[in-house]
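Read through the structure below, which is laid out as structure tokens, and then see the notes.
Since every read-out is calculated from the coordinates, none of them should be taken as a lab result. Nothing here was measured: the structure is a model prediction, and the numbers come from that model. In this analysis, Cβ positions are derived from the backbone assuming ideal geometry, glycine residues included, and neighbour counts consider all displayed protein chains.
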Amino acid sequence: MTDNYPNNEELGEKRRKCEFIKQEMLCTGNWLSLHKTTYQDPMGREQTWETVERTTRRENYKTDAVCIVAILKRLLHYDCIVLVKQYRPPMKCYTVEFPAGLLDPNESIEDTAKRELKEETGYTGKVRHSGLAQITIHIDGDDPINKKPTQRTEDGEFIEVLHVPVYDLLKKLQVLSKEDDIVIDSRVYAYALGLSQSYELLHCKKI
């Protein structure tokens, strides 16, 4: 059985695809630039948006940064998600995030992920999954190199490393989110919610 939904032609609509027209720079700083972007909407009308881009973005690259889902694995311990807590001046509060960072010139996203993980958390790990801008890394917590992790943060970076058991991630985030000066990064919360719902589906009872 198939659903018979009317298409655009049946509705008498002749819509076009959205198309980029031009982009004009309004101002730029060390890290960000503000642009006026003009495009054509599905009805053929010109529309404008104010858009922000990183000045570090390389031409022909779909991304200029990488986000790291780091899982700490140790014998006789629960697997833990490694998160970072740091003050974000634009948000005027602390955020709880996945480790992340910008790509250096001629650097792959996998190499960036391993470098940023080492700098922000002190851990060394192996890439287990690589997406467009998100990398999963497993950390062998029993490896001597990870026994006493030492951060390599840049001047002005103050990062607190959090270790949260995978099974308890959503509950921990919900507790942290109640604090007035903490915001949970949406990617972290979405990941925790996905884990929780997957667990519920796997353990649901058949009626």
Exercise for the section: For segment 31-113, just the Cα set please: Rg and Dmax, both in angstrom. Expected result: 18.5, 62
Fill in the blank from the handout: Mean 1/r over distinct Cα pairs of segment 52-155, inverted to a Kirkwood Rh in Å, yields 14.6 Å
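Report the chymotrypsin sites (Phe, Trp or Tyr not before Pro) located in segment 134-207 that are in a DSSP loop and have at most 10 other Cβ atoms inside 10 Å of their Cβ, or state none.
Values: sites: PHE158, TYR167, TYR189, TYR191, TYR199; in loops: PHE158.
Passing sites in segment 134-207 are PHE158.
For the chain, what's the relative contact order in percent, using C-alpha pairs closer than 8 Å and at least 6 residues apart? Don't jump to the answer; show the numbers that get you there.
Working: 343 pairs, mean separation 34.0, N = 207.
For the chain, the relative contact order is 16 percent.
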Completion exercise
Computed D for the chain, Stokes-Einstein, Kirkwood radius over alpha-carbon pairs, 10 °C, 1.306 mPa s, to the nearest µm² per second, is 78 µm²/s
Completion exercise
If each part is reduced to its alpha-carbon centroid, segment 60-113 and segment 176-207 end up apart, in Å, by 18 Å
Fill in the blank from the handout: Within the under-9-Å Cβ sphere about LEU162, not counting LEU162, Lys/Arg +1 and Asp/Glu -1 give a net charge of +1
Practice task
Give me the Debye-computed log₁₀ of I(q)/I(0) at q = 0.17 Å⁻¹ for segment 95-207, equal point scatterers on Cα only, no solvent, two decimals.
Solution key: -1.00
Fill in the blank from the handout: GNM of the chain, Cα pairs under 10 angstrom: of GLY125, GLY29, GLY194, the biggest fluctuation goes to GLY29
Exercise for the section: Using a 10 angstrom cutoff on alpha carbons, build the Gaussian network for the chain and name the most mobile of THR48, THR150, THR28. Expected result: THR48
Handout entry: GNM result for the chain, Cα springs below 10 Å: residue of ASP180, ASP155, ASP79 fluctuating most strongly
Key = ASP155
Handout entry: segment 66-72 - phi-based ³J(HN,Hα) in whole Hz, Karplus 6.51/-1.76/1.60, Gly and Pro as x
Key = 9, 10, 10, 8, 9, 10, 8
Handout entry: Set of aspartates and glutamates near LYS22 by C-alpha distance (under 20 Å), chain-local residues within fewer than 8 positions excluded
Key = ASP41, GLU46, GLU50, GLU53, GLU59
Handout entry: chymotrypsin sites (Phe, Trp or Tyr not before Pro) restricted to segment 51-111 and DSSP loop, no more than 10 other C-beta within 10 Å
Key = TYR61
Handout entry: Computed lengthening from MET91 to SER198, 0.36 nm per intervening residue step minus Cα-Cα distance
Key = 35.4 nm
Completion exercise
HIS163 and GLN23 label points (each 7 Å along its Cα→Cβ direction) are spaced in nm at 4.2 nm
Practice task
Would you list, by chain and number, the lysines whose Cα falls below 30 Å from the Cα of LYS118, excluding same-chain residues fewer than 8 positions away?
Solution key: LYS62, LYS73, LYS85, LYS92, LYS126, LYS147, LYS148, LYS171, LYS172, LYS178
